[in-house]
Every structure is written in C-alpha cells, then in structure tokens.
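Throughout, read-outs are computed from the coordinates displayed, never taken from laboratory work. The shown structure was predicted, so the numbers you read here are calculated from the model rather than taken from an experiment. So basically every Cβ, Gly included, is an ideal-geometry build from the backbone, and we count neighbours across all protein chains shown.
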Amino acid sequence: MLNGLPEPIPDLDTQPFWDGCKERRFLVPHCEVCDTPRWPPGPCCPNCQSQATKWLEAEPRGSVYSWIVVTHSVHQATHNQVPYIAALVELGSGIRVIGNIVECDPADMAAGMPVDLIFEQTESGAFLPNFRPST
Ligand code: ZN
C-alpha cells in the first residue's frame with residue numbers, strides 16, 4: 001500500500017479513467033469519430049476536435065520509452081522510497097504514459113524493456129497505475 005501520497009483528484013475529463021483504475025483497468029479515451037486515442041485525457045480529439053469519446057481498455061503491458069532514477073525526494077511521502085524509477089511507458093495503443101517502475105533495480109533498466117501494468121492502492125482506497133518488469 002502506498003502511504004502519504006497525494007490522492008488523485010478526478011475531474012470531468014479523468015473521472016472514467018479513475019473509475020477504471022478502481023476495477024484495475026487502464027481506460028484510454030478514444031475519439032468516436034476518427035478513433036484517435038488521446039493521452040492525457042482531455043475534452044476533445046486532437047485530430048478532429050470532436051468531443052465524442054469512447055473509453056477503451058489498454059493492454060496491461062507496454063515497453064519502457066524513457067526513464068529517470070529519482071534520488072532526491074521532493075515530497076514527504078517519497079522520503080523513504082528514493083531511489084525510485086519514474087518512466088515513460090509506451091502502451092500498445094500508441095500512447096505514452098508516466099508511471100513508476102517497481103520491483104526493478106535501476107541498473108537493470110533498458111529502453112524497450114517490456115513491463116506489465118500493476119495497480120497500487122493508496123491509503124484512501126484509490127488505485128494508481130504503475131509498472132514492473134515483465135516476467
Ligand atoms: Zn477525432
């Protein structure tokens with residue numbers, strides 16, 4: 001369980017995403033007109049500006065596009081977690097999302113490394129998406 005982290009604050013554009021996380025599903029908004037996925041969630045399609053949205057579940061795996069090893073904590077909740085890995089992960093639908101890579105030595109990180117999606121529960125019961133190396 002994650003303790004002390006800031007909790008998600010859903011809004012009109014992100015409520016379906018956070019609802020999906022409660023069910024351990026990573027939902028991505030897609031345009032109903034042209035099918036373009038958009039990330040992060042926003043009010044309209046960046047391709048055709050339609051506001052018609054359908055939410056589709058992403059495959060629970062991806063690959064590391066880039067990463068950093070955080071060694072300096074900037075929030076009290078992470079004082080005991082440094083060093084940790086913050087990464088940009090490319091999901092199968094072509095979007096890139098930010099998450100932590102857990103259960104991984106920073107020295108083992110590599111571009112293109114396959115990772116699996118996991119959900120970690122916070123104190124309030126929210127679920128945050130993160131990743132770990134594929135087994
Ligand atoms: Zn569109």
**Prompt:** Could you count how many residues in the range 1-14 are under 13 Å from the mean Cα position of the chain (by Cα) and either without any contact (Cβ under 8 Å) to a residue 40 or more places away in the chain or under 19 Å from A52 (Cα atoms) (or both)?
**Reply:** 1
**Complete:** Every listed condition ((1) more than 25 Å from P133 (Cα to Cα); (2) in a loop (DSSP other than H, G, I, E, B); (3) of a type outside the set (F, W, Y); (4) within 16 Å of the ligand (Cβ to nearest atom)) holds for D11 save (4)
**Prompt:** Say we look at the range 15-37 and pick out the residues that are under 13 Å from the mean Cα position of the chain (by Cα) and without any contact (Cβ under 8 Å) to a residue 40 or more places away in the chain; which of these is farthest from the ligand (Cβ to nearest atom)?
**Reply:** R25
**Asked** How about the range 90-115: which of its residues are assigned to a strand (DSSP E or B) and closer than 18 Å to L56 by Cα?
**Response** E90, L91, R96, V97
**Request:** Those residues that are within 15 Å of the chain's Cα centre (by Cα), away from the ligand (no atom under 16 Å from the Cβ) and part of a strand (DSSP E or B), I need them from the range 48-73; list them, please.
**Result:** E57, R61, G62, S63, V64, Y65, S66, W67
**Asked** Inside the range 65-90, can you point out the residues that are free of Cβ contacts under 8 Å to residues at least 60 places away in the same chain and touching a Gly at 6+ places or on another chain (Cβ under 7 Å)?
**Response** A87, V89, E90
